Amino acid sequence: TEALLLSREKGIPLPAAEREVFGFDHAHLGGLLLERWNLPLSLVDLVRHHHDPVEAGNVLGASILHVADFMAAGLRFAQWGSPVIGPLQASACKVLALEVDALEGMARQAESQIQEVMHAFFGPEGR
């Protein structure tokens with residue numbers, strides 16, 4: 001709660017607020033948990049570095065996860081987090097050969113497909 005409030009008050013992304021409050025962020029904590037649960041180190045690495053993909057052993061995989069996380073936050077499917085969306089790492093876009101301008105169209109397509117799935121499961125009022 002303290003990190004969420006700080007994020008809102010300062011207008012900073014949640015990971016930055018978490019680092020200020022706790023000295024680490026949810027990506028680092030998630031990596032530690034996955035490691036403790038004996039999940040593959042490749043997965044630990046992806047989770048641990050999804051906000052800084054160029055630091056990951058698997059830069060391509062971490063870049064994919066980073067962009068997916070960014071888009072989920074932008075589409076507000078990650079509503080439990082900060083109202084401030086963290087920056088999209090240019091290095092992740094470069095690794096993926098992804099033009100930033102293409103994200104808007106991808107987001108519209110994702111939103112449409114998600115609505116179709118929600119409609120299929122929950123009817124016209126689903127969401």
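Summary of values
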{"read-out": "Breaking point among (1) over 15 Å from the mean Cα position of the chain (by Cα); (2) closer than 24 Å to Glu111 by Cα, for Ala72", "value": "(1)"}
{"read-out": "Residue in the range 17-40 that is of a type in the set (Asp, Glu), more than 16 Å from Gln89 (Cβ to Cβ) and surrounded by fewer than 14 Cβ atoms within 10 Å (Cβ to Cβ) present", "value": "no"}
{"read-out": "Single residue of the range 89-116 satisfying the filter (among the hydrophobic types (A, V, I, L, M, F, W, C) and modelled with pLDDT of 90 or more) that is surrounded by the fewest Cβ atoms within 10 Å (Cβ to Cβ)", "value": "Ala97"}
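The values are calculated or read from the model by the stated rules, or taken from the named source; none is laboratory data. Quick caveat: nothing in here was measured; it's all calculated off a predicted structure. Neighbour counts are summed over all protein chains in view; Cβ atoms, including those assigned to glycine, are modelled from backbone coordinates with ideal geometry.
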